[in-house]
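The values are calculated or read from the model by the stated rules, or taken from the named source; none is laboratory data. None of these values were measured; they are calculated from a predicted model. Don't worry about glycine lacking a Cβ; one is built from the backbone with ideal geometry, like all the others, and counts go over all protein chains shown.
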Amino acid sequence: MSDPALTNATTPDKTQTRLSYEAALERVMGLADFERSKSSPGHSAFHLERIGLLMERLGNVHLDTPTVHVAGTKGKGSTSAMVTSMLTAQGYKVGLFTSPHLHRTTERIRVGLEPVSEEGFASLVEQVWPAVEWVGREGPYGAVTTCEMLTAMAFVHFKQIGADFQVMEVGLGGRLDSTNIVMPEVSVITSISLDHVVTLGDTVEKIAYEKAGIIKPGVPVVVAPQTDGVMRVFEEVAEQKKAPLVQVDARVSWRKRHADVDGQSFEVAGLNDKYDLWMPLLGDHQLENAGTAIAAVETLADRFAVSKESIIKGIRDVRWPARLDVLSKDGYVVVVDGAHNPYSMKRLVQAVREYFQFNRVILIFGALGGHSAMGMIGELAELSPLVIAVHSRHPRSASSDIISEVVKEEGLPVVFQSDNVGEGVRRALEMAVEGDLVLGTGSLTVAAEVIEEMRGITPELYPSIRLPSNPGAPTVV
């Protein structure tokens with residue numbers, strides 16, 4: 001495009017950025033942030049016109065890199081990481097965009113599985129910011145949101161580094177998510193369950209319709225095992241759009257051979273070949289994710305070279321923390337998991353029983369508003385835990401008082417309560433004796449803050465949250 005008002009964001013800035021990481025972070029996190037908002041916006045808050053206009057200002061670079069687009073309720077992050085790891089093992093340069101992050105915002109934009117540097121993040125903010133200001137000031141759709149800016153930064157970064165692929169994880173839903181302006185080589189939909197019901201719908205079929213919004217005309221879509229009603233939604237949409245549908249449960253199979261707290265060995269019969277595999281990620285759900293990721297990469301392999309050896313190596317090398325993550329094995333075991341709905345909690349309980357032997361479970365539990373704390377505690381009750389009720393730093397985190405009430409209604413004992421996850425971890429470790437299992441779960445933010453306490457990671461704090469009101473240039477709060 002020849003408009004001289006366009007930013008030069010598609011050209012790497014050879015000069016040292018003038019913006020510090022802290023200042024860059026303040027700009028990004030000071031935009032309207034639905035992810036951290038205490039309210040649950042309906043569909044009227046989401047649309048693709050604004051991110052589309054922003055990408056026009058940036059030269060539509062999102063269309064320049066072959067894309068794998070991944071949506072779903074559970075397993076989309078792990079699946080995205082597996083796809084990235086396999087393509088990286090083949091020698092491709094792969095951009096990976098995911099959300100939310102655990103400890104630092106830089107984790108959302110990666111090359112391979114390595115986050116962008118703080119300097120690189122600040123440079124991207126500096127380059128993209130003029131377009132963000134222009135859209136807020138001159139465009140008809142209001143100010144750019146935090147999620148939209150981060151998405152645009154990822155697209156710009158992947159273009160600048162000459163990525164061979166970009167793996168884009170959907171943040172929320174699919175149809176109206178800011179990533180849904182790509183034209184992918186393959187779309188992927190992982191397991192669907194009830195989540196974000198206020199925004200996406202109160203049945204799995206309604207949620208499936210939102211996820212099916214990433215299906216593009218003529219583009220293959222790989223769909224993980226689903227309930228019959230959910231799969232019918234995907235079949236209908238794929239047929240309407242003439243998108244080849246790969247049903248993983250019909251065409252891919254897997255069998256676990258051995259598993260312990262260090263990882264699991266298994267075999268997969270994929271679309272094109274059979275694979276003997278090992279990976280460090282635990283749980284039967286990760287076998288399903290691996291089967292789905294392999295089917296996606298095999299679908300890509302129809303047009304891009306990907307060897308059997310690269311698939312094996314990529315699965316072996318994958319890393320994705322806070323998912324059935326063992327932090328300590330000294331006398332007692334400390335495990336964290338980002339499960340945040342009843343379905344995922346049920347699978348977590350099954351995995352805990354399979355992988356660990358324990359006398360007592362000391363549960364560090366907190367949840368975000370709208371994420372069915374009662375349903376999750378109902379599943380966790382099978383472990384007969386002693387519960388430490390906590391409140392994480394996330395603005396949408398339910399208070400420890402509310403968590404305590406929910407736990408007591410389920411008939412479980414609350415042995416400690418705190419509005420600080422770190423304090424909850426310290427109390428759990430004081431209580432734990434040999435043979436105990438300390439389990440931190442209920443939200444990804446709880447899992448992240450347990451990891452921070454255990455490993456001495458300094459948390460990254462953010463400015464106040466703002467929601468869009470009147471259209472105009474974005475302001476940092």
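Matching residues to (1) under 29 Å from A448 (Cβ atoms); (2) over 19 Å from the mean Cα position of the chain (by Cα); (3) crowded, with 19+ Cβ neighbours inside 10 Å; (4) not β-branched (V, I, T):
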position: R255; (1), (2), (3), (4): no, yes, no, yes
position: G263; (1), (2), (3), (4): yes, yes, no, yes
position: G270; (1), (2), (3), (4): no, yes, yes, yes
position: A305; (1), (2), (3), (4): no, yes, no, yes
position: R316; (1), (2), (3), (4): yes, yes, no, yes
position: P321; (1), (2), (3), (4): yes, no, no, yes
(message) Taking the conditions exactly as written (free of Cβ contacts under 8 Å to residues at least 40 places away in the same chain and under 25 Å from I451 (Cα atoms)), does R347 satisfy them or not?
(response) no
(request) With the condition kept exactly as written, say whether any residue in the stretch 171-180 is touching a residue at least 24 places away in the same chain (Cβ under 8 Å) and within 22 Å of L19 (Cβ to Cβ). (result) no
(message) Among the numbered criteria (1) at pLDDT 95 or above; (2) under 20 Å from R396 (Cα atoms); (3) surrounded by fewer than 20 Cβ atoms within 10 Å (Cβ to Cβ), which one does R466 miss?
(response) (1)
(request) Could you please find all residues in the stretch 357-413 being crowded, with 17+ Cβ neighbours inside 10 Å and among the β-branched types (V, I, T)? (result) V361, I362, I364, I377, V387, I388, V390, I403, V406, V407
(message) Let me spell it out: the conditions are (1) farther than 26 Å from S344 by Cβ; (2) at pLDDT below 95, and R303 meets all of them except one. Which number is the exception?
(response) (2)
(message) If the requirement is being surrounded by 22 or more Cβ atoms within 10 Å (Cβ to Cβ), aliphatic (A, V, I, L, M) and within 24 Å of E26 (Cα to Cα), which of these qualifies: M153, M86?
(response) M153
(message) Regarding the stretch 219-240, can at least one residue be identified that is among the basic types (K, R), surrounded by fewer than 17 Cβ atoms within 10 Å (Cβ to Cβ) and at pLDDT 95 or above?
(response) yes
(message) Looking only at the stretch 167-178, how many residues end up being more than 12 Å from H62 (Cα to Cα) and in a strand (DSSP E or B)?
(response) 1
(message) Just to verify a result, which residue in the stretch 172-185, among those that are of a type outside the set (K, R), at pLDDT below 95 and touching a helix residue (DSSP H, G or I) at 6+ places or on another chain (Cβ under 6 Å), is surrounded by the fewest Cβ atoms within 10 Å (Cβ to Cβ)?
(response) G173
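To keep it simple, each residue is scored yes or no on (1) surrounded by fewer than 22 Cβ atoms within 10 Å (Cβ to Cβ); (2) at pLDDT 90 or above; (3) over 20 Å from the mean Cα position of the chain (by Cα).
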| residue | (1), (2), (3) |
| --- | --- |
| T17 | yes, no, yes |
| S20 | yes, yes, yes |
| E26 | yes, yes, yes |
| K38 | yes, no, no |
| G42 | yes, no, yes |
| E49 | yes, yes, yes |
| L54 | no, yes, yes |
| L58 | no, yes, yes |
| V61 | yes, yes, yes |
